[in-house]
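The values are calculated or read from the model by the stated rules, or taken from the named source; none is laboratory data. Because the structure is a prediction, the values reported are computed rather than measured. Note that each Cβ is placed from the backbone with ideal geometry, even for glycine, and that neighbours are counted across all protein chains shown. We work out accessible area using only protein heavy atoms, side chains counted, and drop any ligands, DNA or RNA first. Shrake-Rupley method; radii C 1.70, N 1.55, O 1.52, S 1.80 Å.
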Amino acid sequence: MNVSLRWLASLLGTDLDPIETRDRLLMLGAGVEGMEPLHHDLAGVVIGQVLEVRRHPNADRLSLCEVNAGAEIKHVVCGATNVVAGKKYPFAPVGTTLPGGVTLERRKIRGEVSEGMLCSERELGLGEDGDGILELETAAAPGTRLLDALPLADTRFVLEITPNRPDLLSHEGVARDLGAVLQQPVKLPPIPGAPAGVPRAARAASAGETAGVRVVIEDAVGCPRYTAAVIRGVKVRPSPAWLQDRLRAIGARPINNVVDATNYLLFENGQPLHAFDLAKLRGPAIVVRRAGRGETIVTLDGQSRQLTPETTVIADAERATAIAGVMGGAESEVAVETTDILLECAYFDPARTRLTRRTLGLSTEASYRFERGVDHDATPLRLLRAAELIVAVAGGRVDGVPVDVHPAPIPPTTIFVRDARIAHVLGVEIPRVDVERVLTALGCVVGPKDDRLAVQVPAWRPDLTREIDVIEEIARVVGYDRFPDDLRLFRPGTVPDAPSERLADRLRRVLVGLGLHEAITSSLGPRLDEREPMVLNPLSQEEAYLRADLLPGLVRRVEYNWRQMQRNVRLFEIGHVFHKKECSLPDEEIRVAAVVTGARRPPHWSEPEPPDYDLFDVKALLEAAARVVRPGAALAGEGSELVMRDAAGVVVGRGLEPTADRPAWAARVFGFELSVEMGEAPRLRAAPLPRSPAVERDVALVLPETMAAADVEATLRAGAGRLLERTWPFDEYRGAPLASGARSVAWRLVFREEGRTLREAEVDEALARALKEVEQRHGVRRREA
């Protein structure tokens, strides 16, 4: 999404620095993909006041202008017919470089010297009008920089918004996040020329009426809320300059005042709107319903589209006239001759909108927002602001009272957040006053409840559903850089790592110890051979196939390093590869691969130019990796390659010189790829908890230093018999009164029999039998107290 820095500043009522704003957006979780200065190439253009206009003596279509540029009077040859003495225009003096890279020079035109140029919209990059000079309505003195006199300089951010944050698909949402950090409230700027007294929409259950137009919701699942207003007497024409400038700042093209108004509000608050030509609505009526079987519609892009019964449509009294949440119909499109419009502001179900968009293969700015979720609570307010803006820029009046059809209001979500849980998760205590300030700034309604807070989530934040979500918001706004980075007390887990992870860790230690760096490359890429499975819904053709080998991805990393003038590269990767299978999921395999190029060792005074890697180095690396993941595999040379086979003769690895786009100054690149043998995972055994009580006995035996305690323990187990459940040593002692060369080892023995309680006599008999066996076999006796 494109965001204008000047637009954000107007919502927050404060100046914003581009670099600081970019950094804050990144810390808040909004990925900044690009940052583009706008109109900074107009720094040399000034305000020029035309003092005199006369005909060119040698050309009928040219005129001579005397222009006050501030410091001096300039003689300018002009071809436009709209230049009038006394008016102010943008003036580019000699030496100015205009958008497009043209640098102005002092030159003769039909025998008259021109010392600069009066500029049109097109020449300044401010619009498409190139027929006349741009007339300025400003009190700025001649010679004032154009960027100082007019609010043109801006910075456009290109944001990567995650699907769970639909509120950031608008300037208001982005400004709200920034305002929470800056402690600045977000206020919508007043609309120039907005009328007073536009009525609020009247609520209706499932059907209502406004200005003679009946509005009915028959598909309440697809459209839980629909508001509409009728505006009569509009004049469709170009938008005022301020509105066009706002849209151009985010890369949108102005069309006409009605369409521009709806687009402006789409990017201001994230609410898609649609305007119908009221004269083209039959009835007149608006019916929100499911499409009929076989029903078709011609959309605004001129395409005829076949609808399905799962599609929600906006229809008039006879036929569908718009696809709900996606695109309007061409039949009811607002045109130059339109005078009366019906303005729609609705909330469409995200899942239904997503299904319609995918079925039709039609993605729009509206569907992009509706399928992620818009603010259903603010629909009447959005309609009110839209009506005010359209009347302000297109004239006319709101006829009657707008209608708000809302069959089943959606209750707000309330989440309870505990103070102790916030401190536990974040590792530090956040004062409650700061927590309340942050959540209130994000639009939540916060109510204290003893040791917790009741947080009512705003409708524009469908991603906040759990306590941990709210704690994340607190951490995000407070700032992750404010939390300590020291390691606190923690409880280690008792679940062992998977065997594959343990094996991969061992392999990493070996390869890192040999001087390699681990890389992680994408599993997706272009097609390289027939074995690679194709992805059904790829993001692009460059990422349409799953990789069949690791080496090509590592070679691309080497080529990237070469482009950065890095000669010495040593990389390895442990990852999954995939092989295509007919009529089934692809085979998946874990492999390790490595590439090396450049110097074998860092330079040293004893060896200023160390030798480069060769195939023998790859042989050593391949053998080192095989000792970890392929013990018993044998390596042999086959032509210019090294081939590793397992005991059955199957090829499990290769060492070679892969093909690479190598510059002349770079060294040869070598690599290997090896299949990882995971082995069989250990089987876990589960047993029910015992229902019978245990009887425990402790026994200490005196052992010679040379005798292994494990041998004695095995004899104890055998002698005690089936009643002994488990035993383990828990103490070892040396010293008086024991003789030199002797030690005392104590064991705990646990006796149990499932289904009954053991008697003391049974336990004593089993213990005596075990001690007798130990004495007979090892000559070991029980230690006297």
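Taking the charge dipole of the chain about its Cα centre, with +1 at Lys and Arg Cβ atoms and -1 at Asp and Glu Cβ atoms, the residue from P533, A252, V298 reaching farthest to the positive side is P533.
Calculated from DSSP H runs of 4 or more alone, at -39500 (n - 2.57) each and per residue, what is the 222 nm mean residue ellipticity of the chain, nearest 500?
-7500 deg cm²/dmol
Taking the 1.4 Å solvent-accessible surface of the stretch 695-782 as the whole, the part contributed by carbon and sulfur is 49%.
So what is the relative contact order of the chain, in percent, for Cα pairs below 8 Å that sit 6 or more residues apart? Present the calculation step by step, with values, prior to reporting the outcome.
Numbers: 1516 pairs, mean separation 67.0, N = 785.
Here the relative contact order equals 9 percent.
Using a probe of 1.4 Å, the accessible surface attributed to L104 totals some 30 Å² when neighbouring protein chains are kept in position. Accessible area per residue for the chain is 52 Å², calculated with a 1.4 Å probe on protein heavy atoms, without ligands, DNA or RNA. Expressed as a whole percent, the accessible surface of the stretch 332-439 that belongs to carbon and sulfur atoms is 52, based on a 1.4 Å probe. In this structure, E760 and V495 have a Cβ-Cβ separation that, at R0 = 35 Å, corresponds to a calculated FRET efficiency of about 0.35.
Remark: the stretch 631-647, residue by residue, has Karplus-estimated 3J(HN,Hα) of x, x, 6, 10, 10, 8, x, 10, x, 8, 10, 9, 10, 10, 10, 7, 4 Hz, where x stands for each Gly or Pro and the curve is 6.51 cos²θ - 1.76 cosθ + 1.60 at θ = phi - 60°.
A straight line joining the Cα centroids of the stretch 53-100 and the stretch 240-264 runs 30 Å. In this structure, the amide hydrogen of V32, modeled 1.01 Å from its nitrogen in the peptide plane, lies closer than 5 angstrom to those of E160, counting only residues at least 5 positions away or on a different chain. Sorting the segments 366-378, 569-581, 538-550 by their mean number of nearby beta carbons within 10 angstrom, highest to lowest, gives 366-378, 569-581, 538-550.
In what sequence, highest mean first, do 335-348, 60-73, 10-23 appear when ranked by Cβ atoms within 10 angstrom? Intermediate results must be reported in sequence, preceding the final value.
Details: 335-348: 20.7, 60-73: 16.4, 10-23: 14.7.
Descending mean neighbour count gives 335-348, 60-73, 10-23.
Taking all protein chains as shown and a probe of 1.4 angstrom, M565 keeps an accessible surface of around 130 Å².
For I109, the amide hydrogen comes within under 5 Å of the amide hydrogens of S114, counting only partners 5 or more places away or on other chains and with H modelled in the peptide plane.
How would you rank 453-460, 597-604, highest first, on the average number of other Cβ atoms within 10 Å across their residues? Walk me through the intermediate numbers first.
On the way: 453-460: 19.6, 597-604: 14.5.
Top of the packing list down: 453-460, 597-604.
The value of relative contact order for the stretch 499-675, using C-alpha pairs under 8 Å at least six residues apart, is 21 percent.
Carbon-plus-sulfur fraction of the accessible area of the stretch 1-88, 1.4 Å probe, in percent? Show your work: numbers first, answer last.
Numbers: 2050 of 4340 Å².
Summing carbon and sulfur atoms, their accessible area is 47 percent of the total for the stretch 1-88.
Each Cα pair under 8 Å and six or more residues apart adds its separation to the average, and for the stretch 299-447 the resulting relative contact order is 15 percent.
Among DSSP bridges having both ends in the chain, what percentage is antiparallel? Round to the nearest 5. All intermediate terms of the calculation are to be shown ahead of the outcome.
Values: 138 of 147 bridges.
That works out to approximately 95 percent antiparallel.
Just reorder R752, R319, R563, R432 by solvent-accessible area, largest first, 1.4 Å probe, all chains present. Working shown, then result.
Details: R752 40, R319 105, R563 155, R432 65 Å².
Largest accessible area first, the residues go R563, R319, R432, R752.
For the chain, the longest principal axis of the C-alpha atoms and the axis of helix 379-394 are separated by about 30°.
Here is the link list: K87/K235; K88/K187; K74/K235. Which ones come out longer than 32 Å on Cα distance?
Details: K87/K235 28 Å; K88/K187 34 Å; K74/K235 41 Å.
Distance filter (> 32 Å) returns K88/K187; K74/K235.
Taking amide H as placed 1.01 Å from N in the peptide plane, the amide H of A202 sits under 5 Å from that of V403, D404, each at least 5 places away or on another chain.
Would you kindly state how much longer the chain becomes between F483 and R421 on full extension, computed as 0.36 nm times their sequence separation minus their alpha carbon distance, in nm to one decimal?
Working: separation 62, 0.36 × 62 = 22.32 nm, distance 1.57 nm.
Separation in residues times 0.36 nm, less the Cα-Cα distance, equals 20.8 nm.
The phi-based Karplus calculation (6.51 cos²θ - 1.76 cosθ + 1.60; θ = phi - 60°) puts the 3J(HN,Hα) values of the stretch 532-545 at 7, x, 8, 7, 5, 10, x, 6, 7, 5, 6, 10, 9, 10 Hz, whole numbers, x for Gly and Pro.
Taking other residues whose beta carbon is less than 12 angstrom from the beta carbon of D131, and scoring Lys, Arg as +1 and Asp, Glu as -1, yields -3.
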